[in-house]
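Student: Here it is, the structure in full.
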Amino acid sequence: MRKSEQIIPAILFIAVLLSGAAATSQTITVDATPGHVVNRFSPLYGLGSTVDRVPSNATDVFFRPDQIEKVLSAGWGVISYRQNTDLFVQAWHWNPKGAWSDPAGKGYFTGDATPTSEMINHSYGYSLPHRGFTRNGGTEFDGYSRLDDGNPESYWKSNPYLSHDFTGEDDSLHPQWVVIALDKEAAINGIRIQWAKPFARDFQVQYWVGDGDAMDDQNKGAWKNFPSGTVTDGKGGDTTMLLSTAPVSTKFVRVWMTHSSNTCDSHGSADRRNCVGYAIREVYLGTIADHNKLKDLLHHSADQKQTLTLCSSVDPWHEPADLYLAPNSMESGDQPGFDLFFKSGITRGLPAIVPVALLYSTPEDAAAQMSYIKKRGYPVSYIEMGEEADGQYMLPEDYGALYLQFANAIHRIDGNFKLGGPSFQGVTEDIQVWPDTHGHTSWFGRFLDYLKTHNRLQDLSFMSFEHYPYDGCETPWENLYQEPELITHIMQAWRDDGLPAGVPLLDTETNAHGGEASVEIFGALWLADSFAGFLTAGGQSTHYYHDLSYSPPHPACPNSWGTYHLFMVDDHYQILQPTSQFFAARLLTQEWAQPKDAEHLLYRAVSDLKDSQGHVLVTAYALHRPDGQWSLLLINKDHNHSHQVEVLFRDSDATRGTSFAGKVTMITFGKEQYQWHPDRKKGHADPDGPPATSTLNAGQGTKYNLPAASVTVIRGTLGVSGS
C-alpha cells in the first residue's frame, strides 16, 4: 500500500470518531492454529465466585433456598470461601464449640473437630487483646493498638509461633518489630519503652530515610540505626533512651527485636506460648533535653485516633469477652458456618476452595478445622493458607515459618490436602519489602526461597492472589483500557519471582473496586475482560467477589452503595434486582462458554481497532467449545461509539482463513439494555436487562455491530472465506 493510501483511511477514521457516527469496519483476527491453544479449562472450574463475611443478621436470609436459587442462576462454578477475620486482626472460631488452652476458659482456642447432630451455621471473630496494629487491611472499622493506648496494663505481644521453640530457627532469623508512624516528619532523639514480659534482650531503634512511605514503599528508602539505638543484653522494665545527641528528622521509627528474654507474660508459665516472643506495654517517642526527660509526641488513646502503630505479628491469645459482634455490621459479622456453606447448595456440589486462618490462629486449630470438614465428607479442592499476609505487613520469612507449621499439622490429618497462598491483596505490581541481608526485596521471591531452603516447595500446590485494580470513587473508564494487561502483567511477575510452571495460579477474589463502578455498565465490561484475560494469561481459576449480595458503602466513597455484588437488596437483605455484573456473569458462563464440565479450548484473538491515543477499543477472546461451536467474546470499551467488525479465523498451517458461516447467534449487553441510577442505598437500574439476542446468516465479509460500551458474544460454526 502506498503512503497516501495509508493516510486516507486514518483521516476518515478520525473524522468518523469526531462526528459521533459508527467507525469504519475493522477486523478481529483469531489465531485458530490447533497448536496455539493458550488455555484449556472447564467453565465450572475456571469461572468461579466467592462467599465472604456478612452482617450477622443477614446470613439466614442470604442462605434461604429462594435466595440461593437466584445466586446460582448466574452460572458460576467453583466457590472460594473468603476468610475475613485475618484482615481485622481477629481470631476465627470456625466452630463456636471447642476448648481453651487455659483451664480457666481463655487462651488459645481450638475448635471441636468432631461433628455432631448440631450444624455449624454461624461463626465469628474475636478481637485480640495483645494487638499492635492501630489499623491495617480491614481494621479501619474496629480495634486499636495496645502500644499507645494509654493503658500501661495492656500490652502488645508477638506471635509465639515465630519464636525458636516453634520454628526451630534462631530468633534473629525472624526478627519481630513495631513501627511508629507519625503524622508528619518530626525531630526525634529519644524513646521510652515500657517493656512487658517477655522483653527484648537485643534490639535496635531505627529511623526511616527515603522518599517513599516506610510501610507502603518499602523499597524506596532504608532503616538507619540511631547512633545510640542499639541494645544488647537489655533488662526490660521501663527504659528511656537517648538515641542521639542531635535530633533526627523522620516520620517513621522502628524497634527491631532479635533476642528474647523468654520470660513469661501475665498469663503464667503453664503454657510455653506465654513465655516466648516480645511484649511492650507502651511506647513514647520524641526529644530528650534536660534531666533525661522525654517530650512525648505521640497521642495515646484507646481508639483509632491514637498515633498510628504497626507490628510484625500478634499473639492470638484471647478470651470469651473478646467476641466482637454487632448485628448490623459486616465488619463485626458472620463468617457463614461450614455446614451451612456446604449444605445450602451454594457450592454447586463442586469441591470448594476453603481457607484456614493462619496469621492470628494456631496450627492445632487449622488441623481441627480440616479434620471436621473431612469427617463431614465435604469436598475440598484447595486449602488457602491465611488471608492477605502482605496487607498485614508480615515479612515473607515469617509467613513461610507459619505456613510450614500449619502445613505439617494439616497434612497429619490428610497428606493429600492441597495447600497454597498467600492470597495477596489486589496489587498490580510485584510486592516489594524491606531488603534482607542479601538485598532481596521481592516478597513472593523471598517466600519461595524460604520454602526451597527448607526443601518444602512441594507444599505449595497453588499460588493465590486477589485482583482489585482500581481505586477512587469515579467510574474509571480510562483505566478500563488497562485490562487485561494488568492481570497479565501481575501473573507474569509471580512467575518471574520463581513460581514453577507446574504450580497453577488462582485469582481467588476479584472485582473492579471503586465507588459504584461495579454496578454500572462499566462493571460488566470489566468483568468480561478481566476474567477472560486471566484465562488467556494461563490462569487456572478466577473468582467473582461475591455471591452474597451485601457490600457496605465503599470506605473511600461514603455516598456509594453499589459495590461488589450481583444483586441489589432491600433493607432486609432480600434480592430486589440484578446488577450489570449478573448479566456479564451469565454471558460468560452460559453463552460464551458451554455450561457443562467439559474442556474448552481458548485461543488468542486480536483487534486492530484503536483510538487516537493507541488504546485498543475492542478486545476479543475466542473459545472452541465442546459442542463444536466457536464462541467469540467481544468487549467494546468505547463509551460513546458503536463499531462494526469483521471476524477472521486464521490457521498458520493452512493457506486460507475462515469466518463464521451460516446461522450465527449474537447476544449483546450494553447501555441500551442497562442503565444505572445512583441513589445511595436505593440505587437501581432502569432498564435492567436482559441482553439482546438475535440470529443472522453469516458468511465471508459479514460485519457485526458492537454497540457503545457493550459486551457481545458471537457464536456459530466456520466455513472457508478466502485466502
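FYI, it's all coordinate maths here, none of it is from the lab. Quantities reported herein were computed from a predicted structural model and do not represent experimental measurements. Because the Cβ atoms are built from the backbone with ideal geometry, glycine has one as well, and the counts that use them run over all protein chains shown.
Student: When a footprinting reagent is the concern and you count Cβ atoms within 10 Å, what order do 569, 89 take, fewest first?
Tutor: 569, 89
Student: Ok, one more. If contacts are Cα pairs under 8 angstrom and at least 6 residues apart, what is the relative contact order of the range 139-311 in percent?
Tutor: Contact order relative to length: 38 percent.
Student: Please label the shape of the range 139-311 as rounded, prolate or oblate, based on the square roots a ≥ b ≥ c of the eigenvalues of the alpha-carbon gyration tensor (a/c under 1.5 means rounded; beyond that, a/b larger than b/c means prolate, else oblate).
Tutor: rounded
Student: Where does each of 70, 97 land when they are ranked from fewest to most other beta-carbon atoms within 10 angstrom?
Tutor: With the sparsest Cβ surroundings first, the list reads 97, 70.
Student: How big is the dipole moment of the chain about its Cα centre under a simple scheme where the beta carbon of each Lys and Arg is +1, that of each Asp and Glu is -1, and everything else is neutral? Debye, nearest 20, please.
Tutor: 1040 debye
Student: Put +1 on the Cβ of each Lys and Arg and -1 on the Cβ of each Asp and Glu in the range 319-463; which of 344, 443, 324 then has its Cα farthest toward the positive end of the dipole?
Tutor: 344
Student: What ranking of 665, 110 emerges when the number of other C-beta atoms within 10 Å of each C-beta is taken as an exposure proxy, fewest first?
Tutor: Ascending number of Cβ neighbours within 10 Å: 665, 110.
Student: Right, something else. So what J values fall out for the range 353-363 if you push phi through Karplus, 6.51 cos²θ - 1.76 cosθ + 1.60 with θ = phi - 60°, rounded to Hz, Gly and Pro as x?
Tutor: Residue by residue, the range 353-363 yields 8, 10, x, 10, 5, 10, 5, 10, 9, 10, x Hz.
Student: Report the normalised scattering of the range 482-595 as log10 I(q)/I(0) at q = 0.13, 0.15, 0.16 Å⁻¹, calculated by the Debye formula with identical scatterers on the alpha carbons.
Tutor: -0.55, -0.70, -0.78
Student: To the nearest 500 deg cm²/dmol, what mean residue ellipticity at 222 nm is calculated for the chain from DSSP H runs of n ≥ 4 alone, each contributing -39,500 (n - 2.57), summed and divided by the residues?
Tutor: Calculated from helices alone, the mean residue ellipticity at 222 nm is -5000 deg cm²/dmol.
Student: Separation of the range 620-664 and the range 29-55 by C-alpha centroid, Å?
Tutor: 18 Å
Student: Another one. Report the Cys residues of the chain lacking a disulfide-compatible partner, meaning no second Cys Cβ under 4.7 Å from their Cβ.
Tutor: 311
Student: A follow-up question, please. Net charge near residue 548, counting Lys/Arg +1 and Asp/Glu -1 over other residues with Cβ under 12 Å of its Cβ?
Tutor: Combined, the nearby Lys, Arg, Asp and Glu give 0.
Student: Hey, another quick one. About the Cα centre of the range 165-306, how large is the charge dipole given +1 on each Lys and Arg Cβ and -1 on each Asp and Glu Cβ? Please answer in debye to the nearest 20.
Tutor: That gives a dipole near 360 debye.
Student: Using the reciprocal of the averaged 1/r over all distinct C-alpha pairs, how large is the Kirkwood radius of the range 52-190 in Å?
Tutor: Roughly 19.1 Å, rounded to one decimal.
Student: How many percent of DSSP beta bridges within the chain run antiparallel, rounded to 5?
Tutor: Rounded to the nearest five, the antiparallel share is 75 percent.
Student: Please compute the modelled spin-label separation between residue 33 and residue 458, points set 7 Å along Cα→Cβ, answer in nm with one decimal.
Tutor: For the pair residue 458/residue 33, the computed spacing is 3.7 nm.
Student: State the three equivalent ellipsoid semi-axes of the chain, derived from the C-alpha gyration tensor as the square roots of 5 times its eigenvalues, in descending order and whole Å.
Tutor: With the √(5λ) rule applied to the chain, the semi-axes are 50, 29, 24 Å.
Student: With viscosity set to 1.567 mPa s at 4 °C, what whole-number translational diffusion coefficient in µm²/s follows for the range 625-723 from Stokes-Einstein and a Kirkwood radius over Cα pairs?
Tutor: Answer, rounded: 86 µm²/s.
Student: Apply the Karplus curve 6.51 cos²θ - 1.76 cosθ + 1.60, θ = phi - 60°, to the phi angles in the range 603-610 and return the couplings in whole Hz, x for Gly and Pro.
Tutor: Each residue of the range 603-610 in turn: 10, 7, 10, 10, 10, 9, 8, 10 Hz.
Student: Continuing with this model, one more query. Which of the peptides 269-278, 47-56, 500-509, 606-615 is most tightly packed, and how do the rest follow, going by the mean number of other Cβ atoms within 10 Å of each residue?
Tutor: Highest to lowest by the protection proxy: 47-56, 269-278, 500-509, 606-615.
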